[in-house]
Structure formats: C-alpha cells, structure tokens
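What follows is a set of notes on a single structure, which appears directly below.
The values are calculated or read from the model by the stated rules, or taken from the named source; none is laboratory data. Just so you know, these numbers come straight off a predicted model, no measurement behind them. Backbone-built Cβ (ideal geometry, glycine too); neighbour counts: all protein chains shown. Side chains are part of the model used for accessible areas, which takes the heavy atoms of the whole protein and leaves out ligands, DNA and RNA. Shrake-Rupley method; radii C 1.70, N 1.55, O 1.52, S 1.80 Å.
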Amino acid sequence: MNKEKQIERCKFIAELYNEFVKQDKDFNNLYLCHEIVFNVVASYYDDIDRIKQYHASIKLADFHKIAAFTAKWIVHLRPIQINEGQLTNSKDKKLLVNEYFALYVITVILGIQDVLSIPASLRYNLLYMFRYRHFTGRTLATICYCLEEINSLKKSLDITI
C-alpha cells in the first residue's frame, strides 16, 4: 500500500481522536499511541487488499467496509492508552475507551450525526461485542450497513412527523 495513503489515514484517525476527546470529557488525559495507529492502518489495508484479491470484482471498499475494518483494528490493537499512574476502578468508562472510539469512528465514516442517535440497546450490544466477543470485519461491515439503514429510516421518520 502507498505510504502516503497510510500516513493520511493515520492523520485522519488522530483527528477523529481529537474530536472524540472534545466530545466526551471522560476520556481526557489519555494517550493515543501513534505507532499503534500506524499498525491499525497497516492491518486495515492488509484486510482490504485480501478482500480485493479474493473478490476480483471489488475495486474499492465501500464505506461499510472502511468503517468496519478500521473499527475492528482499533478494538483489537487498542491504540488509546491510559497514562501511567491514573487511577481507575473496575467500572471506569476509560477502560472501554477503544471500544467507544471504534463506535465513534464508525458513525463518522458512515455519516451518522451522533453516536447517541443509535438506539441505546444497540450501542450497548456493539460495545459489549467489541470488548468480549470475537468478530470479523465482514460481520461488522454488515452491522455497519444495518446502522446506516437504521439512521436513514430515523431521518425519514423525523422528516414526516
């Protein structure tokens, strides 16, 4: 993969992280490890390249795959770290920062206005899946498609009410 493209994608993720932290003060004073972000991006491109090779008809990844495979690697590689010396208890929201960030990344890439526009039970189940379940990027891409459809339906219902 083109090194410049990878660097641009790393910058994009870093920018998203900065916006994410601005929106949720619970995640202040955390550290985004840029080396791990580079590995997130490299792993993302490896997965996408494998899909393109397997399915010769796919030339470009759609937004669902982009969102899903990016989130998958954020959850697996955990680029956001808790600074040494920060006290957390077993229920501290910071322990799930990478899962929350992955969900945020999905919403931005899919053009969903706000994470909170996703039904609460679905948000909870996605965060749970990210933390405790094994999942594939392809499965998550299907879920991303469903999220986009739910968002479109909600928009159309809001307009007609």
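Between residue 122 and residue 18, 0.36 nm times their residue separation minus their Cα-Cα distance comes to what?
Taking 0.36 nm per residue and subtracting the Cα distance, the gain is 35.0 nm.
Sequence-ordered 3J(HN,Hα) estimates for region 28-40 from the Karplus curve with 6.51, -1.76 and 1.60 and θ = phi - 60° stand at 5, 6, 9, 10, 8, 7, 5, 5, 6, 4, 4, 5, 4 Hz, glycine and proline given as x. Modelled spin labels at residue 62 and residue 42, positioned 7 Å past Cα toward Cβ, are 3.1 nm from each other. Over all directions, the projected convex hull of the C-alpha atoms in the chain averages 10.7 nm² in area. Counting Lys and Arg as +1 and Asp and Glu as -1 over every other residue whose Cβ lies under 13 Å from the Cβ of residue 126, the net charge comes to +3.
Only helices enter this figure: runs of n ≥ 4 DSSP H residues, each worth -39500 (n - 2.57), summed and divided by the residues of the chain, yield -22500 deg cm²/dmol at 222 nm to the nearest 500. How far apart, in nm, are two points set 7 Å out from the Cα along the Cα-to-Cβ line at residue 129 and at residue 3? My value for the distance between the label points is 3.7 nm. Computed about the Cα centre, the dipole magnitude for region 3-157 is approximately 280 debye when only Lys and Arg (+1) and Asp and Glu (-1) carry charge, each at its Cβ. Rolled with a 1.4 Å probe across the full set of protein chains, the surface gives residue 26 an accessible area near 80 Å².
Going 7 Å from the Cα of residue 52 toward and past its Cβ, which residues in region 1-40 have a backbone nitrogen under 15 Å from where you end up? The answer is 1-7, 9, whose backbone nitrogens lie closer than 15 Å to the label point.
Just to be sure I follow the rule: in the chain, considering lysines 8 or more places apart or on different chains, how many pairs have Cα atoms under 14 Å apart? Taking the chain as the scope, the lysine pair count is 4.
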